[in-house]
Amino acid sequence: MKKYFFLLSSFIFSGFSAQETTDPEIPAKKDIIKITAPENPDKMNIIKTNVTAYVFRNINLSYERAFNKWFSLNMGFGTMPEGKVPFINSFLSDEDEKRFQNLEVKSFNFTIEPRFYIGAGYGKGFYVAPYYRYSKITSNTFDFYYDYTFSGTTYQIPLKGNGSAHGNSGGVMVGVQFFLTPSKNLVLDFWIAGAHYGKGQGDFTMTSDVILTPDMQAQLKKEIEDLDIPYVNYTVETNANGARVNVDGPWLGFRSGLSLGYRF
């Protein structure tokens, strides 16, 4: 009995001794704390350009600043130098397009876009972005012709036109942004789809060297109204010197594309 008591005492004592002699610099397994890098990155700024917009001669640049994991603010501008109207035959028939000679336009737009990121954050992953956009379109001085018929004879009446229109609109876009390199400097921003809607206003004037009779004015008014340009509401007023086209109605646009950028 004494022998068993001695062995039990020795076992307990050796257990206490082992705990007391454990290296104090090596914590027990349950006390090990996993140390990870902070989520907040040092690079919170991105400069980008939408490469697909250059198909429309749109020179553009945007700047995005991340404020925390889920929120950033993107601001951008684009300008299209004066030139032919992109894809004009998609909204004007061949016959109507021929009425406009040497028509060229230039444009400018500014967009402010809060972004709300889902997932990785800090400028990476899927996002939803409500936005405001200001747009302006200005034409050169162009030639416009219309056919005036009188007593069975058709006369081609020339006019000179010019003007501008601008719009304020709001919309929402969804997209996803990727970091393409291990250093996370190169950025790809995919605008999946976006649309905006607002109000537009503008004035275009057309003047003629020919004094227009009331009948000539009536035919000119009908010619312009029959152009039926989609997504644009306009009214036409005519006088002896020509016509005035007033744009006042909805302003609609769509967004999609691919942007490349640098993160710093």
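The values are calculated or read from the model by the stated rules, or taken from the named source; none is laboratory data. Given the structure is predicted, the values throughout are model-derived calculations rather than measurements. Counting neighbours? That spans all protein chains shown, and the Cβs are built from the backbone with ideal geometry, glycine included. SASA here: full protein model, heavy atoms, side chains in, ligands and nucleic acids out. Shrake-Rupley method; radii C 1.70, N 1.55, O 1.52, S 1.80 Å.
Contact order normalised by length for the range 203-259, with contacts defined as Cα pairs under 8 Å and 6 or more residues apart; what percent is it?
Numbers: 71 pairs, mean separation 23.2, N = 57.
Relative contact order for the range 203-259 comes out at 41 percent.
What does the charge dipole of the range 145-264 about its Cα centre add up to, to the nearest 20 debye, if the Cβ of each Lys and Arg holds +1 and the Cβ of each Asp and Glu holds -1?
Working: 8 positive and 11 negative charges, 157 e Å.
In total the dipole reaches around 760 debye.
Any chance you could look up the accessible area of Thr213 with a 1.4 Å probe, heavy atoms only, rounded to 10 Å²?
Around 60 Å² of this residue is reachable by solvent.
Which whole-number value in Å² is the accessible area per residue of the range 33-138, probe 1.4 Å? Can you show the working numbers first?
Working: 6230 Å² over 106 residues.
About 59 Å² of surface per residue is accessible.
At 1.4 Å probe size, with every protein chain present, just tell me what the per residue accessible area of the range 202-257 comes to in Å².
On the way: 3160 Å² over 56 residues.
In whole numbers, the range 202-257 has 56 Å² accessible per residue.
For the range 83-174, state which GluC sites (Glu not before Pro) are in a DSSP loop and have at most 15 other beta carbons lying within 10 Å of their beta carbon. Let's see the in-between values first.
Values: sites: Glu95, Glu97, Glu104; in loops: Glu104.
Counting only loop positions with at most 15 other Cβ atoms within 10 Å, the GluC sites (Glu not before Pro) in the range 83-174 are Glu104.
Could you check how much of the accessible area of the range 43-110 is carbon and sulfur, as a whole percent, using a 1.4 Å probe?
Percent of accessible area from carbon and sulfur atoms in the range 43-110: 64.
Please name whichever of Pro114, Tyr262, Tyr131 sits farthest to the positive end of the charge dipole of the range 114-264, dipole taken about the Cα centre and charges placed at Cβ: Lys and Arg +1, Asp and Glu -1.
It is Tyr262.
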